[in-house]
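Laboratory data are not the source of any read-out in this text; all were calculated from the coordinates shown. Predicted, not measured: the structure shown is a model, and the values here were computed from it. Here the Cβ positions follow ideal geometry from the backbone for every residue, glycine too, while neighbour counts run over all protein chains shown.
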Amino acid sequence: MTNEGTNENTMTAVRQHSFGGPEVLTLETVERPSPLPTEVLVRVHAAGVNPVDWKTREGMGMAGVLGEPPFILGWDVAGVVEAVGYGVTTLAPGDRVYGMPWFPRAAGAYAEYVTAPARHFTPMPRSTDFVQAAAVPLAALTAWQVLVDTVRIEPAQRVLITAAAGGVGHFAVQFAKHLGAHVIAAAGPRNQEWVAGLGADEVLDYTTKPLDEQVGDVDVVIDLVGGDLPAVRTLRRGGLLVSVPSAASREAADAAEALGVRVKLFLVEPDSTALATIAGLIDDGTVKVEVARVFPLAQVADAHVAMASGRTRGKIVLSVGGDEA
């Protein structure tokens with residue numbers, strides 16, 4: 001990776017000029033953006049890393065939306081408002097904010113500065129530092145929007161969450177419990193106790209035997225693995241399978257249809273109102289944020305390798321500004 005240095009009109013960012021492995025990510029000096037009317041310029045202190053990042057890097061994920069490289073990856077932002085465009089009334093310079101701007105369009109979070117509509121950001125949780133805040137937006141919004149807007153979860157409903165120890169999963173367990181559901185979490189052996197501590201009513205070890213041999217009569221399955229057929233088979237007739245795009249499987253959808261199960265595919269959206277609610281849940285101690293590892297921006301390739309391993313508990317975050325406070 002190379003970096004030519006920056007001045008007031010430029011910034012350091014991670015770009016890729018072709019699809020491929022982690023080696024295509026290069027640290028470069030690029031033009032610093034300026035906010036348009038209704039936009040804010042945010043000095044990025046930390047940026048979350050998500051599975052959609054490495055999938056897009058390889059030409060999957062949101063590559064169809066971003067188009068051909070070059071582009072700058074990343075959607076999770078935590079930082080400080082540097083400047084505001086004409087018409088912005090909700091934020092001011094100096095505000096500590098977090099958000100998931102522009103998704104699924106390019107946000108360019110792997111950089112020192114980003115610009116986006118002011119209403120794509122909201123004040124970050126008061127109790128977190130920048131690294132913890134950057135771990136929240138995409139994963140937490142996915143979990144929240146699935147449960148609240150897509151499922152419209154009701155108290156006592158039986159909800160099975162696969163990959164419950166991951167970024168989206170650990171938020172989904174906590175939100176579902178907060179919303180009154182009976183939470184059934186699937187996780188590996190080393191994460192059993194930890195996931196139970198997040199509030200899961202039942203924790204299943206998916207490595208011992210298929211999930212449908214461990215539980216049944218489930219109302220909702222949140223599939224965060226991708227085509228988890230045993231999980232689909234746990235659903236009662238008329239139950240609901242929700243799968244995020246990266247986890248979508250035609251085979252699982254066909255199996256669900258044969259079982260008389262409803263299927264919904266999901267894509268997260270920017271939502272500052274939900275992020276404000278989530279910030280409140282974090283600040284009052286209802287929801288915990290798990291950060292597995294923090295990498296400096298220059299080690300973004302290593303962060304992608306760690307994320308792609310599929311063994312991360314919680315989130316991986318890039319430290320961009322060198323200040324985590």
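A cut-off of 5 Å between modelled amide H atoms, ignoring neighbours fewer than 5 places along the same chain, links VAL261 with GLY238. Taking the longest Cα principal axis of the chain as reference, the axis of helix 167-178 is set at about 60 degrees. Each helix, a run of at least 4 DSSP H residues, gives -39500 (n - 2.57); summed and divided by the residues of the chain, these come to -6000 deg cm²/dmol at 222 nm. Computed from the Cβ-Cβ distance with R0 of 56 Å, the FRET efficiency linking THR150 to ASN9 stands at 0.85.
Net charge dipole, the chain: roughly 440 debye, given to the nearest 20, about the Cα centre with Cβ charges of +1 for Lys and Arg and -1 for Asp and Glu.
Only the Cβ atoms of Lys and Arg (+1) and of Asp and Glu (-1) were treated as charged; on that basis the dipole of the stretch 152-264 about its Cα centre amounts to roughly 240 debye.
Pick from GLY59, GLY169, GLY99: which is most flexible by mean-square fluctuation in a GNM of the chain where alpha carbon atoms under 10 Å apart are linked? With Cα springs under 10 Å in the chain, the top fluctuation among GLY59, GLY169, GLY99 is at GLY59. Highest mobility in the GNM of the chain, judged by mean-square fluctuation with C-alpha springs under 10 Å and restricted to GLY167, GLY21, GLY74, is found for GLY21. Taken about its Cα centre, the stretch 111-185 carries a charge dipole of roughly 200 debye when the Cβ of each Lys and Arg holds +1 and the Cβ of each Asp and Glu holds -1.
With coordinates expressed along the principal axes, the C-alpha atoms belonging to the stretch 153-275 extend over 37, 34, 26 Å, beginning with the largest. Going by neighbour counts of Cβ atoms within 10 Å, the residues THR234, THR26, THR208, THR312 line up, fewest first, as THR208, THR26, THR312, THR234. The distance from the alpha carbon centre of the stretch 27-101 to that of the stretch 283-325 is 17 Å, rounded to a whole number.
Cβ crowding within 10 Å ranks TYR98, TYR86 as TYR86, TYR98, fewest other Cβ atoms first.
In the distance distribution for the stretch 1-95, Cα-Cα pairs more than 24 Å apart total 31 percent.
Counting only lysines at least 8 places from LYS288 when in the same chain, those with an alpha carbon closer than 25 Å to its own are LYS177, LYS315. Taking 25 °C and 0.890 mPa s as conditions, the chain diffuses translationally at an estimated 123 µm²/s according to Stokes-Einstein applied to its Kirkwood radius (Cα pairs). Near the amide H of PHE71, within less than 5 Å, lie the amide hydrogens of GLN16, all on another chain or at least 5 residues away, with H placed in the peptide plane. Here's the picture: charge each Lys and Arg Cβ at +1 and each Asp and Glu Cβ at -1 in the chain, and of ALA143, TRP54, MET100 the one pushed furthest to the positive end of that dipole is ALA143. Ranking TYR110, VAL300, GLN192 by Cα position along the charge dipole of the chain, where only Lys, Arg, Asp and Glu carry charges on their C-beta atoms, puts GLN192 farthest toward the positive end.
Among LYS209, LYS315, sorting on how many other beta-carbon atoms sit within 10 Å of each Cβ, with the fewest leading, yields LYS209, LYS315.
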